[in-house]
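The values are calculated or read from the model by the stated rules, or taken from the named source; none is laboratory data. The model shown is predicted, which means the values in this text are computed figures rather than measured ones. Don't worry about glycine lacking a Cβ; one is built from the backbone with ideal geometry, like all the others, and counts go over all protein chains shown. All accessible areas refer to the heavy atoms of the entire protein, side chains included, with ligands and DNA or RNA removed. Shrake-Rupley method; radii C 1.70, N 1.55, O 1.52, S 1.80 Å.
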Amino acid sequence: MASIQEPEVQFAQRLASNEKPTRTKAVKKLRKYINVRSQKATGGFTGDELLKLWKGLFYCLWMQDKPLVQEELSNQISTLIHSFHDINGQLLYLESFLQTFKREWTGIDRLRMDKFFQLVRFMFRQTFELLKRKNWDVSVVGQFLELLTAQLLQSSSTAPSGLQFHILDLYMTELAAVGSAELTAEQNLIFIEPFCKTAAKTKDRVLFRAICSSIFSTIIDQAPFAIEDLMREIKTHEDSDSDSEQASEEDEKNSKTRSKKGQQLNGCKSKDDNDEDQDDDFGDWKDTELPHDVDVGPVLQFDYSVLADKLLELASRSSTPSHNRQKLYRIIKVLRDLSEGIFPQDEYPEEVSTDEDDDMFGSRKMMKSATADREEEEEGAPAAKKRKGNCWQI
């Protein structure tokens, strides 16, 4: 009598079938199976069972042609994480995904790589969405970061470099897309802390440069956009408060307010006390030109001073390689300037850029303002030295 196969093995075989209808039906049934089984008190999945399911899911995408259908399948696979009813099962699903991709990564050919890149991105997007649904609970975020460190950043993780670099590239973008409207600077620092620790202790120079380029340089490059978002948020709150006050005023005052608004629409600005206070608070901000030709999407807010202190603490340890310490000190100096309102592009490119560090700071060359260029032409002095202390101050 033939032995009955485990359900996970049966699913894996159907998911990797040559027939598309069989694969499609298997994905739908798998969602129901996970949903029903995870509801039972004793029905949780083991790591081995999820690894079997993930092998089937991996080859399900392997067999799929046509970009739009691949995107839909990647979305279906990544959203399976929400079919689990407890956080342990959800994180185990993510862990099994990373283990499967570490094992299979080097076997992916060039023609198939794009769709697997996309699945990795979708998996992290849905993971951040999961954390958002948990209201960014500190303990849940901590479990996720521990998993991420163990599977990708530790020297014993055996993670392929290509997978590491791709996750580093998408990490900040996907986190901002999901959580930029809710996450505080303190929470954002927690999300990048594993990368800070790895940068301070790793002896892998390639990984170190990738962290500097994808994490630290991204934070520095997006600084003006983060400031712009903050100012926009402040203005929105001020407008909201102003509307509330106007709603509670008497009819006569409302009439006067509408008259003033009509003048503003015709190009006349009212000079009340609030406007003067706003000018005083923002200082030179209104005179600063931001690079609007680059669409960076949502950006994360950071307390640059706190981040600099954190990096300084890690870089100062005796276990930090000297090469890493030297580069981290340079990043710390840039962050210190940002915390004082000095945009780093004003001082650093000509003075500290080297061929080795072009990846870290070179992308900020596109962010020079037109005002700075005019100052350099008119005054005949290097803008890096002339503008220090008066540009990007808030």
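Tell me whether region 17-37 contains one or more residues that are in contact with a Lys or Arg (Cβ under 6 Å, 6 or more places away or on another chain) and assigned to a helix (DSSP H, G or I).
The answer is yes; a qualifying residue exists.
Return yes or no: is residue 120 under 27 Å from residue 63 (Cα atoms) and not assigned by the TED database to the domain that holds residue 71? Walk me through how you get there before you give the answer.
On the way: under 27 Å from residue 63 (Cα atoms): yes; not assigned by the TED database to the domain that holds residue 71: yes.
So residue 120 passes the test.
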Within region 180-190, does at least one residue satisfy the condition of being under 13 Å from the mean Cα position of the chain (by Cα) and surrounded by 20 or more Cβ atoms within 10 Å (Cβ to Cβ)? yes
Is there any pair linking a residue in region 139-157 that is within 12 Å of residue 94 (Cβ to Cβ) to one that is among the acidic types (Asp, Glu), with Cβ under 6 Å and at least six apart or on different chains, and which? 147/95
Take residue 167 and tell me if it is within 25 Å of residue 205 (Cα to Cα), among the hydrophobic types (A, V, I, L, M, F, W, C), in a helix (DSSP H, G or I) and open to solvent by 60 Å² or more (accessible area, probe 1.4 Å). no
Which of the following residues is farther than 13 Å from residue 12 by Cα and more than 31 Å from the chain's Cα centre (by Cα): 37, 23? 37
Enumeration of residues in region 30-51 that are surrounded by fewer than 14 Cβ atoms within 10 Å (Cβ to Cβ) and not β-branched (Val, Ile, Thr): 32, 39, 40, 41, 43, 47, 48
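Condition check ((1) at pLDDT below 85; (2) open to solvent by less than 30 Å² (accessible area, probe 1.4 Å); (3) among the acidic types (Asp, Glu)) across all residues:
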site: 206; (1), (2), (3): no, no, no
site: 226; (1), (2), (3): yes, yes, no
site: 233; (1), (2), (3): yes, no, yes
site: 242; (1), (2), (3): yes, no, no
site: 252; (1), (2), (3): yes, no, yes
site: 258; (1), (2), (3): yes, no, no
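Is it the case, given these coordinates, that residue 122 is under 24 Å from residue 182 (Cβ atoms), at pLDDT 95 or above, assigned to a helix (DSSP H, G or I) and not aliphatic (A, V, I, L, M)?
Yes: the conditions hold for residue 122.
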